[in-house]
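The structure appears right after this line, and notes come after that.
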There are 4 protein chains.
Amino acid sequence: MDIIVLKPGVTDDDIRHVVKRLEGKGLKANISKGTERTIIGVIGDTSKVSEDEENAIKAIDAVENVMRIIKPYKLASREFHGDGTVIEVKGKRIGGKKIQVMAGPCAVENRTVVLSIAGKVREAGASFIRGGAFKPRTSPYSFQGLGEEGLEILAEAREKTGLPVVTEVMDPRDVEVVSRYADVIQIGARNMHNFRLLLEVGEVKKPVLLKRGLSATIKEWLMAAEYIMSRGNHQVMLCERGIRTFETATRNTLDLSAVPILKQLTHLPVIVDPSHAVGRWDLVIPMARASVAAGADGLMIEVHTNPEEALSDGEQSLKPDMFRQMMDEIRAVAAAVGREV
Amino acid sequence: MDIIVLKPGVTDDDIRHVVKRLEGKGLKANISKGTERTIIGVIGDTSKVSEDEENAIKAIDAVENVMRIIKPYKLASREFHGDGTVIEVKGKRIGGKKIQVMAGPCAVENRTVVLSIAGKVREAGASFIRGGAFKPRTSPYSFQGLGEEGLEILAEAREKTGLPVVTEVMDPRDVEVVSRYADVIQIGARNMHNFRLLLEVGEVKKPVLLKRGLSATIKEWLMAAEYIMSRGNHQVMLCERGIRTFETATRNTLDLSAVPILKQLTHLPVIVDPSHAVGRWDLVIPMARASVAAGADGLMIEVHTNPEEALSDGEQSLKPDMFRQMMDEIRAVAAAVGREV
Amino acid sequence: MDIIVLKPGVTDDDIRHVVKRLEGKGLKANISKGTERTIIGVIGDTSKVSEDEENAIKAIDAVENVMRIIKPYKLASREFHGDGTVIEVKGKRIGGKKIQVMAGPCAVENRTVVLSIAGKVREAGASFIRGGAFKPRTSPYSFQGLGEEGLEILAEAREKTGLPVVTEVMDPRDVEVVSRYADVIQIGARNMHNFRLLLEVGEVKKPVLLKRGLSATIKEWLMAAEYIMSRGNHQVMLCERGIRTFETATRNTLDLSAVPILKQLTHLPVIVDPSHAVGRWDLVIPMARASVAAGADGLMIEVHTNPEEALSDGEQSLKPDMFRQMMDEIRAVAAAVGREV
Amino acid sequence: MDIIVLKPGVTDDDIRHVVKRLEGKGLKANISKGTERTIIGVIGDTSKVSEDEENAIKAIDAVENVMRIIKPYKLASREFHGDGTVIEVKGKRIGGKKIQVMAGPCAVENRTVVLSIAGKVREAGASFIRGGAFKPRTSPYSFQGLGEEGLEILAEAREKTGLPVVTEVMDPRDVEVVSRYADVIQIGARNMHNFRLLLEVGEVKKPVLLKRGLSATIKEWLMAAEYIMSRGNHQVMLCERGIRTFETATRNTLDLSAVPILKQLTHLPVIVDPSHAVGRWDLVIPMARASVAAGADGLMIEVHTNPEEALSDGEQSLKPDMFRQMMDEIRAVAAAVGREV
């Protein structure tokens, strides 16, 4: 905490009580008595003051509010690592000049379909193949993914196309098996606050793609990245995929302002997933263009050869020819903003 | 209303009651009895069924829900006017190939400042000058605008630069005076649901720029346009300026997906105001680029020669040199998407 | 503004620039140099510093953020008027021990219906009759109210029942006529930010019921009350009616926590309108009970003798027998919390 | 899915394509051709149609929208189990006439504090002791809980006071150890969508308290309950704890309307946690009263003997004397609504 606002009418004893507490933590207090309020500026290494200590100070009767100036994340902050982090995966650099496109079906359904899609997206210029072997579904009665069999299919798709694999892990107990097959481990939006899972992927040596939670603030999202990084895995990329708002015309509201904000706050690469954000294939291309124009380092796009037969999220999948058109369109936008696809 | 879902266990009498009501409005009922529910498909010109009639049917005991298929707006809908509407203002076409940039200070503060800003934005390539003579402010103690004196300053700026003027009206009693000076009348976000004001600007012969309300759905926004158009003024353009969400890193959340959705739903031109959406000048340029990439027909941008002395919203204003840089950057993006600036 | 946080790495010149600006406004600066940031505590009567001045300071390059400690509203604040305000309307006291119930149809449709409803709600124990003669409707094609004819019907209902009348005004030009008939003038949710209308009702001598905007924060709501009060009309009561969130199971989300918060922040009476908040008659009674338990000073309830024939909002109206049941239930809850109905 | 809306201008072939697909699933189609749209009512046991099949139909080109009438949850629905479920825990019945109060510290910090708090809340009339041994914290640098040692302390508190224990599990790997100590297993808001954890607690024989996710709709929340129940554990209670909205005056917005809605939709008991919802101790008592008035079956309340020394969430904890006052106040409200505490 950095600024402590005291309630109107506090006594000198109240002030001393707070100051003593700060001094007990090795900090100094700079007291400003205003006409209505007294404010305490906290001097010293306040970054070492925990969230718990902050809450405890808030609970002191004489304290009206505590305002932190120092960001609660450290390893994820731009200050920690001035240059942008570039994550290298099988020769593909995420966070560099080239915008990386991760494409594929929502769920891995069967070998034939996945291999066919993988071939098509590679042809069109995608750099990664994506697909879920473990699927978080709102209904227990929906298809939950093929599990390890799905991972094997993805591995075969990688072998055939040369495209590295991005795939999701949902359970700390599956981190080992997923990291055996995946090139990039995805943490889905519904697990952004699954702290145990974050710690577990913090222990592996694979890059992590961390999706933003449905109602996560940018600060909370960076704190989730900090969880992973605090265990030693600094290869984290952030993926904006829409937030939950009152608007129902799209599945979620794609928060593209998050891209330039993240570029200021953190050194980690930023990916955008317009498919999940809008939930309708016919809006994916313009939002892919806008993502690139806003400064994204990569895109995650759902592609399916036969959306009507997809076991999950068919309505937001591009068919291969639309995906090719998208690649052409973002190539032009990327050039206009000094990037390439 | 188009589909009426009845509650489980309704009797034949209940069904007859609803059918009779529909027939009384000149409509026919197609009844589907399912295993759990009975559903009534309403056949006939349901677009003539009012919101009131819909609510009345919802209030019938046997009715669980009413779902409208037909859109409640007509004049604003794409079906009404297949081609996009192009609004011409002193030779500048809004909704055509060229992206129009409206730039200027938030509030009209004094003659010298406004004339200076107007000159700078014209030089940099803006096509309209914007500025508020009547200012909606959250505090009654804040600067409320210069009123008619402000309008005169804007008129002088137009004379000096040749740029048409966009300025806001807040009160039905001011519509006459504002439309005497303005080339485009702006309805601000806080007045999108000020129905009397909408009707009043529906009576004038000047184009209207209708900003989206802070928490307005796209459907409500189009209904607000419909209010204006229902009085005969079809020259309406829509301006996305951010919606209110839980995220506090930006003042509002710019909902860029609204751009391609509007392009499907309506024939009206779509403008984006990134300055008010993000509330921070350092995010304006990337969001301006993204707006153009998403398909916007125009941009509204705050520019101030000395943001520190601005009487309103200085923190989100670009200085003239940054504005020039923005123009260069969006010119490149516009070319990449087949438009021009 | 009360606390100014400077960016990391500011120079002494930067600090002097800010200090000079403050001194120019008659304020003093208390500078705390921390290890990472410099913070300026502003001393003096910062309540006189306007929102505009605050924004201007935010626009200074060296400034990272400005945090206000002093509330921006004064007349509406609890500090201004330690005891709760009691508004007296024809012998009924709003804000005292007795909880006042305002009941009636959404819209005034015709004489017979309104007189019938007025009689029924009076019998059941309501203290005010409510009903709209001017109706804000999302569609221009919906029933817009009877206008002055509706006001006359309300006046007749008052005469017959002795119940004072609460009715809405939507347009500054109608304030005169509405205040001639109404005992309490209502500002609807969609007009909470219609500042010109607020100023206009600030000039009349009638109490005002100010509904919370769909996405208004509590602070903005109190600022809207401040608008009215700043013109001399201190008889303002606040009406919580649900806010817009992502949840679609209810029309809006009733924010009952607002009741005890308002009791801390302001001296103005607090009313709750559960009918508009939930939008379904079958949830009105439990939410009316909860409102009373949370500390509301009054309730606004929609009642209709024949919801199926109502021209507006039939699906959320209680029939008279349900309204009577509600009155019985809230009477018990009121007694439990030391109030009466 | 139950109603399929086709796009304007579909051909008979398009219609046949959809009908054939439905027939392939053993369903029948009732076709209504309107003047603008064709609508297909789906007849048969549509509850067996999965979310996946629904998405696949949405992906058909000719389909504009699919509307489900049947609720996606079954075991959790009121229809499945007409009477309310009563969960019995060591002689305490949750969901019956008596309102159960679960009280204690946010986190289990040390033996002495927990035993002291447990004694105080028991004296004041609480029926359960709550406290976290595994704590989900937004920062990896915050106190994460004592783990099994914390569970042992809770068990000792139970032994000393006779109060059954409610405590959280965050990780599927901890379900075994937590269910060995706990009487009620809590799933926190951040884990409501942790589907693997839900399935795991679905396998144990202990009651589960399922908190609502920060941005979960009521439907999604019931689907999370369905996950647990689908594995055989039907002893689920739902706990409303505030949702995330734009309002910042409270930590979250307590959605009390959810209580009567849940009473209609599901047979499961409903608990309210006002402490986490409002995040400020001084609002807990009025919101506890309102929760009881709205129809809650129980309350979860944070209590701490010394909030200033609490390691987590001190600012929202009641001191024991305030908790006693709360118990007195809710006892009166409970009596007013025909319940008891």
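Every read-out reported here was derived from the displayed coordinates using simple, explicitly stated rules and does not represent laboratory data. Since the model is a prediction, treat every value here as computed from it, not as a measurement. Virtual Cβ from ideal backbone geometry, glycine too; neighbours counted across all protein chains shown.
So here's what we get for this one:
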| item | result |
| --- | --- |
| The protein assembly as shown - mean residue ellipticity at 222 nm from DSSP helices (-39,500 (n - 2.57) per run, n ≥ 4, rounded to 500) | -10500 deg cm²/dmol |
| At R0 = 41 Å, FRET efficiency that the Cβ-Cβ distance of C:N65 and C:K160 yields, to 0.05 | 0.10 |
| For peptides C:245-253, D:236-244, sequence by mean Cβ density within 10 Å, most packed first | D:236-244, C:245-253 |
| Choice from A:K206, A:K28, A:K98 with maximal GNM fluctuation in chain A (Cα, 10 Å cutoff) | A:K28 |
| The stretch C:63-110: C-alpha gyration tensor shape, a/c 1.5 cut-off, then a/b vs b/c | oblate |
| Per-copy distances of the A:K319 label point, shortest first, in nm (7 angstrom along Cα→Cβ) | 5.3, 5.4, 7.1 |
| Within 10 Å of each Cβ in A:327-336, the average number of Cβ atoms from other chains | 4 |
| Fraction of beta bridges assigned by DSSP in the protein assembly as shown that are antiparallel (%, nearest 5) | 40 |
| Of B:K219/C:K135; A:K7/C:K28; A:K211/D:K7; C:K71/D:K319, pairs whose Cα-Cα distance is over 24 Å | A:K211/D:K7; C:K71/D:K319 |
| Fluctuation leader among C:D83, C:D52, C:D273 - chain C, Gaussian network, Cα springs under 10 angstrom | C:D52 |
| Other protein chain Cβ atoms within 10 Å, averaged over every residue that makes up D:271-278 | 1 |
| Shielding by other protein chains, A:194-207, mean Cβ within 10 Å | 3 |
| Under 5 Å, built H, 5+ apart or other chain: amide partners of B:G132 | B:A107, B:V108 |
| Helix C:12-24 vs. chain C, principal-axis angle (Cα, 0 to 90°, nearest 10) | 50 |
| Chain B: most fluctuating residue of B:Q186, B:Q235, B:Q144 per GNM, C-alpha cutoff 10 Å | B:Q144 |
| Local electrostatic count at D:T253 - Lys and Arg +1, Asp and Glu -1, tallied over other residues with Cβ under 10 Å | -2 |
| Label distances, nm, D:K90 versus same residue in remaining copies, Cβ-directed 7 Å point | 5.5, 5.9, 8.0 |
| Equivalent ellipsoid semi-axes - Cα gyration tensor, the stretch D:247-322, angstrom | 25, 13, 10 |
| Amide H partners (placed H, <5 Å) of C:A249, local residues excluded | D:I218 |
| Tensor-based shape of the stretch D:85-218 (alpha-carbon gyration tensor, a/c under 1.5 rounded, otherwise prolate or oblate) | oblate |
| Lys, Arg +1 and Asp, Glu -1 on Cβ, resulting dipole of chain B about Cα centre, debye, nearest 20 | 660 |
| Local net charge near C:R111, Cβ-Cβ under 14 Å (Lys/Arg +1, Asp/Glu -1) | -4 |
| Assigned charges on the beta-carbon of Lys, Arg, Asp, Glu; the stretch D:119-239 dipole about Cα centre (debye) | 360 |
| Rotation relating A and D, chain D residue nearest the axis via C-beta, angstrom | D:S215, 2 |
| Inter-copy spacing of C:G162 label points, which lie 7 Å from Cα along Cα→Cβ, given in nm from shortest upward | 5.4, 7.6, 9.2 |
| Neighbour net charge for B:S32 - beta-carbon separation under 11 angstrom, K R +1, D E -1 | +2 |
| Dipole magnitude of the stretch C:16-99 about its Cα centre (Cβ charges: Lys, Arg +1; Asp, Glu -1), debye to nearest 20 | 480 |
| Folded to 0 to 90 degrees: helix A:148-161 orientation relative to chain A principal axis, Cα | 70 |
| On Cα atoms only, tilt of C:320-336 relative to the major axis of chain C in degrees | 50 |
